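To start, the structure itself, in structure tokens.
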Amino acid sequence: MDAEIAPSSVAGRVTAPPSKSYTHRAILAAGYGEGETRVEAPLVSADTRATARAVRAFGGEVDLADDTFVVRGFGYPDIPDDVVDCGNSGTTMRLVTGTAALTEGLTVLTGDGSLRSRPHGPLLDAIEDLDGRAESTRANGQAPLVVGGPVAGERVSIPGDVSSQFVTALLMAGARTESGLAVDLETELKSAPYVEITRELLADFDVETERTDAGFAVSGAQSYDSGGSYRVPGDFSSTSYLLAAGALAADEGLDVAGAYPSAQGDTAIVDHLERMGAALSWDRDSGTISVERSDLQGIEVDVGDTPDLLPTFATLGAAAEGETRIVNAEHVRYKETDRVNAMAEELEKMGAAVTERQDSLTVHGGDSALRGARVDGRGDHRIVMALAVAGLVAEGTTTVTGAEHVDVSFPNFFELLGDAGADVTLD
């Protein structure tokens, strides 16, 4: 499906979707429980449905009713009867790799072509160091994966500069081992706020974790207990596209609801937009951010902890004056697609001047004049949304291919943009 976006303004009030990160973790945490948990106000998307399928595969039950996932946990996972298909969801595969390492048999995990190109090697190595079995069938650290256990051991070390999801998987599974687990970091932790999201959610499920001098630790033989329900907060990664649309195209202002404070690192979008000169205010009590079209100036943004913001800032930089330097970005190349390269090449098609390095992307706003073009969403929900926002302020019509991929994290993105006044046509 293609999305055609013509130059247009947005206004009114829109609501950000629930958090994908919290929804994934809540469904799996409920699976590790032994009773029933209602995961309320979740993000219902292709990715989170993949986590629900995985919980069913390990012996749980998951139903969706009245905007709530009702999960009856497996407590301790069964061996799946069939291959576990994680679709396009890297979060699902990494988190449930930890689940598979608790079983006494073997689990086969796979996904679509994009997911089968993403790295899992450090997590597989960690499981083997804990006396589990963890192999890539192609011996390249990529899915399909064969994983089994039960793991034993109380300490493991892992690099922190590939994916914080490896740490999350080990902490969540470690709470269900007898001895618990200390996870030592061999390198600086990238995307660190995502581990804090995990720890915040685990605390809500009555699971204790701690920071250590070397990394993180979780004690064993803990029970997951939500008290019967867990409510998912709004998603700041998705909120970033709405705020960018407002800062670029909301002449009469745009109110973005559902933006309550949380451990999400992507709340940094608010501070960074203010640094760029955006007229913006955040009522934290009501969870509403108000933003209006502003003359933006380029800044330097470190995305070491906020990789999902790179596409948003690439678009903002193309419409700002001066240079926008997005640094500490190499790990952003290992997402659904190489997002550094994708934004560089697709924005160039729209007339942006960019400089791509292995660890950075610089957008030369003063040398850029955005114009409509046919651009490739690369099968990546975040690339699709970022390019669509660029289309709001490009001269002429912008066509973004693969628009259906927004279903991964923001299923009603284009509908919401249209309701806010954007000239959007889906074909």
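The values are calculated or read from the model by the stated rules, or taken from the named source; none is laboratory data. As the structure is a computational prediction, the values presented were derived from the model and not from experiment. So basically every Cβ, Gly included, is an ideal-geometry build from the backbone, and we count neighbours across all protein chains shown.
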*Examine segment 374-381 for a residue that is within 28 Å of Pro18 (Cβ to Cβ), part of a helix (DSSP H, G or I) and in contact with a Pro (Cβ under 9 Å, 6 or more places away or on another chain), and state whether such a residue exists.*
no
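Examine segment 314-323 for a residue that is surrounded by fewer than 18 Cβ atoms within 10 Å (Cβ to Cβ) and at pLDDT 95 or above, and state whether such a residue exists. Give the steps one after another, and end with the answer.
Narrowing segment 314-323 to residues surrounded by fewer than 18 Cβ atoms within 10 Å (Cβ to Cβ): 321-322.
Among the residues that remain, those that are also at pLDDT 95 or above are: 321-322.
Yes: one or more hits.
When you scan segment 126-136, how many residues do you find that are part of a loop (DSSP other than H, G, I, E, B) and either crowded, with 18+ Cβ neighbours inside 10 Å or not assigned by TED's automatic domain parsing to the domain that holds Pro80 (or both)?
Residues in segment 126-136 being part of a loop (DSSP other than H, G, I, E, B) and either crowded, with 18+ Cβ neighbours inside 10 Å or not assigned by TED's automatic domain parsing to the domain that holds Pro80 (or both): 2 in total.
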_Quick test for you: out of Leu95, Leu123, pick the one residue that is among the aliphatic types (A, V, I, L, M), assigned to a helix (DSSP H, G or I), assigned by TED's automatic domain parsing to the domain that holds Thr177 and in contact with a strand residue (DSSP E or B) (Cβ under 8 Å, 6 or more places away or on another chain)._
Leu123
_I'm trying to understand the selection: among the residues of segment 334-349, which are of a type in the set (D, E, K, R) and either at pLDDT below 95 or crowded, with 20+ Cβ neighbours inside 10 Å (or both)?_
Lys335, Glu336, Arg339, Glu346
*Residues within segment 51-86 that are among the hydrophobic types (A, V, I, L, M, F, W, C), touching a residue at least 24 places away in the same chain (Cβ under 8 Å), in a strand (DSSP E or B) and within 18 Å of Arg231 (Cβ to Cβ), tallied*: 4
*Within segment 230-288, track down each residue that is in contact (Cβ under 8 Å) with a residue 40 or more places away in the chain, part of a loop (DSSP other than H, G, I, E, B) and not charged (D, E, K, R).*
Val232, Pro233, Ala250, Gly253, Gly258, Ala259, Ser262, Ala263, Gln264, Gly287
*In segment 137-168, how many residues are surrounded by 18 or more Cβ atoms within 10 Å (Cβ to Cβ) and either hydroxyl-bearing (Ser, Thr, Tyr) or outside the structural domain of Leu109 (by TED's automatic domain parsing) (or both)?*
3
*asked:* Given the criteria of a type in the set (A, V, I, L, M), out of contact with any strand residue (DSSP E or B) (no Cβ under 9 Å at 6 or more places or on another chain) and either farther than 21 Å from Leu254 by Cα or touching a residue at least 24 places away in the same chain (Cβ under 8 Å) (or both), does Val408 qualify?
replied: yes
*Consider Leu109 carefully, then state whether it is touching a Cys at 6+ places or on another chain (Cβ under 9 Å) and not in a helix (DSSP H, G or I).*
yes
*Got a sec? Which strands (runs of 3 or more DSSP E) wholly within segment 150-221 have at least 1 residues that are within 22 Å of Thr91 (Cβ to Cβ) and either without any contact (Cβ under 8 Å) to a residue 24 or more places away in the chain or of a type in the set (Ser, Thr, Tyr) (or both)?*
209-211
*(1) at pLDDT 95 or above; (2) more than 27 Å from Ile383 (Cβ to Cβ); (3) under 22 Å from the mean Cα position of the chain (by Cα): which one isn't true of Pro261, the others all being true?*
(1)
*Name the pairs whose Cβ atoms lie under 8 Å apart, with the first residue in segment 372-399 and over 20 Å from Arg293 (Cα atoms), the second of a type in the set (Phe, Trp, Tyr), and 6 or more positions between them or separate chains?*
His381/Phe410
*asked:* Quick check on segment 11-50: of everything there that is out of contact with any Ser or Thr (no Cβ under 7 Å at 6 or more places or on another chain) and of a type in the set (Lys, Arg), which residue is nearest to Ser226 (Cα to Cα)?
replied: Arg49
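Per-residue answers, yes or no, for (1) more than 30 Å from Gly377 (Cα to Cα); (2) surrounded by fewer than 17 Cβ atoms within 10 Å (Cβ to Cβ); (3) touching a Leu at 6+ places or on another chain (Cβ under 7 Å):
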{"residue": "Ser19", "(1), (2), (3)": "no, no, yes"}
{"residue": "Thr23", "(1), (2), (3)": "no, no, yes"}
{"residue": "Ala29", "(1), (2), (3)": "yes, no, yes"}
{"residue": "Arg38", "(1), (2), (3)": "yes, no, no"}
{"residue": "Thr48", "(1), (2), (3)": "no, no, no"}
{"residue": "Ala54", "(1), (2), (3)": "no, no, no"}
{"residue": "Phe74", "(1), (2), (3)": "yes, no, no"}
{"residue": "Thr92", "(1), (2), (3)": "no, no, no"}
{"residue": "Gly98", "(1), (2), (3)": "yes, no, yes"}
*Looking at (1) closer than 28 Å to Glu186 by Cα; (2) in a loop (DSSP other than H, G, I, E, B); (3) within 18 Å of the chain's Cα centre (by Cα), can you tell me which one Thr103 breaks?*
(3)
